[in-house]
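Visitor: Pasting in a structure now, in structure tokens, and then I'll have a few things to ask.
The values are calculated or read from the model by the stated rules, or taken from the named source; none is laboratory data. Keep in mind that this is a model prediction, so the values were computed, not measured. Note: ideal-geometry Cβ built from the backbone for every residue, glycine included; neighbour counts use all protein chains shown.
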Amino acid sequence: MNIDAIMRIAPVIPVIVIEDEAHAAPLAEALVAGGLRVLEVTLRTPAALGAIRAMKQVEGAIVGAGTVTNPHDLDAALEAGSEFIVSPGLTENLGKAAIAARVPFLPGIANAGDIMRGLDLGLDRFKFFPAMAAGGLPALKALAAPFGNVRFCPTGGISLENAPEWLAFDPVLCVGGSWVSPKGAPDKAVVERLAREAFALR
């Protein structure tokens, strides 16, 4: 499965921070039950790699690693079983390593130079990050205009309330959001409801 196909599975990719590995599987079960199968586990905590392994056991889940910033992180994420890789930015070093690993890769961009660096590497699917801080939807519309074949997943400041506006813009295939996966021990009923609301945004 390539990154384009992964981005089209659901309108929202949960951006997940796991502090306790024991929370991982129940959270994944609730998100998948609500229709959100693509799960991005950020490498921001010591529990992240174990959480990826645990979530991989949940039927229907497609689990990837986020906040991957260098080839060492990439290797660790792949060893844990990550099925796709998300980074906050794009360096040539990381881009080449991800391409060599043949893993679906969604690098972060915030300006035209970032996009052009990605295109030079053969990449045309990007995370627009930090979406709101980088100028919001008007900024993305201006950025997307010269790059007709490029598609985006805005992340950073996206909520249930503003997601529909982003998703209505054709170059946006999905959005990334943390609101569907609140921190701490998951209340599965609440998470499943949040996931269903997010899935219905399509």
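Visitor: Inspect all residues belonging to segment 108-128 and state whether any of them is closer than 30 Å to Ala145 by Cβ, in contact with a helix residue (DSSP H, G or I) (Cβ under 8 Å, 6 or more places away or on another chain) and acidic (Asp, Glu).
Guide: Yes: one or more hits.
Visitor: Same structure, new question: Being of a type in the set (A, V, I, L, M), touching a Gly at 6+ places or on another chain (Cβ under 6 Å) and modelled with pLDDT of 95 or more is the requirement here; does Ile13 meet it?
Guide: yes
Visitor: Having 2 or more residues that are over 18 Å from the mean Cα position of the chain (by Cα) is the bar; report the helices (runs of 4 or more DSSP H) wholly within segment 104-202 that clear it.
Guide: Details: elements: 112-120, 136-144, 163-167, 188-199.
Where helices (runs of 4 or more DSSP H) fall fully within segment 104-202 and carry at least 2 residues being over 18 Å from the mean Cα position of the chain (by Cα), they are 112-120, 136-144, 188-199.
Visitor: I've got another one for you. With segment 1-67 as the region, which helices (runs of 4 or more DSSP H) entirely inside it contain at least 2 residues that are within 11 Å of the chain's Cα centre (by Cα)?
Guide: Because the criterion is at least 2 residues that are within 11 Å of the chain's Cα centre (by Cα), the helices (runs of 4 or more DSSP H) in segment 1-67 that meet it are 3-7.
Visitor: Which of the numbered conditions does Ser87 fail, given that it passes all the others? Conditions: (1) touching a Lys or Arg at 6+ places or on another chain (Cβ under 9 Å); (2) surrounded by fewer than 19 Cβ atoms within 10 Å (Cβ to Cβ).
Guide: Exception for Ser87: condition (2).
Visitor: When you check Ala77 against the structure, is it surrounded by fewer than 20 Cβ atoms within 10 Å (Cβ to Cβ), of a type in the set (A, V, I, L, M) and more than 16 Å from Ser178 (Cβ to Cβ), yes or no?
Guide: Here the answer is no, as Ala77 does not meet what is asked.
Visitor: Further question: Can you name every residue in segment 73-95 that is part of a loop (DSSP other than H, G, I, E, B) and within 22 Å of Ala110 (Cβ to Cβ)? Show your work before the answer.
Guide: Narrowing segment 73-95 to residues part of a loop (DSSP other than H, G, I, E, B): 80-84, 87-91.
Of everything in segment 73-95, those that are part of a loop (DSSP other than H, G, I, E, B) and within 22 Å of Ala110 (Cβ to Cβ) turn out to be Phe84, Ser87, Pro88, Gly89, Leu90, Thr91.
Visitor: Within 20 Å of Ile6 (Cα to Cα) and either hydrophobic (A, V, I, L, M, F, W, C) or touching a Gly at 6+ places or on another chain (Cβ under 6 Å) (or both), is that true of Val190?
Guide: In short, no.
Visitor: Please state which of the following conditions Ala5 fails to meet, knowing it meets all the rest: (1) out of contact with any Ser or Thr (no Cβ under 9 Å at 6 or more places or on another chain); (2) small (Gly, Ala, Ser); (3) more than 22 Å from Phe128 (Cβ to Cβ).
Guide: Unmet condition: (3).
Visitor: Ok, one more. Output yes when any residue across segment 38-54 is buried (at least 18 other Cβ atoms within 10 Å of the Cβ), in contact (Cβ under 8 Å) with a residue 60 or more places away in the chain and either touching an Asp or Glu at 6+ places or on another chain (Cβ under 8 Å) or at positive phi (or both), and no when none is.
Guide: Within segment 38-54 (the criterion being buried (at least 18 other Cβ atoms within 10 Å of the Cβ), in contact (Cβ under 8 Å) with a residue 60 or more places away in the chain and either touching an Asp or Glu at 6+ places or on another chain (Cβ under 8 Å) or at positive phi (or both)), the answer is no, since none of the residues qualifies.
Visitor: So, one more: Of the conditions (1) buried (at least 23 other Cβ atoms within 10 Å of the Cβ); (2) free of Cβ contacts under 8 Å to residues at least 12 places away in the same chain, Met116 clears all except one; give me its number.
Guide: Only one criterion in (1) buried (at least 23 other Cβ atoms within 10 Å of the Cβ); (2) free of Cβ contacts under 8 Å to residues at least 12 places away in the same chain is unmet by Met116, namely (1).
Visitor: Looking only at segment 93-142, which residues are among the acidic types (Asp, Glu) and farther than 21 Å from Gly157 by Cα?
Guide: Asp120, Asp124
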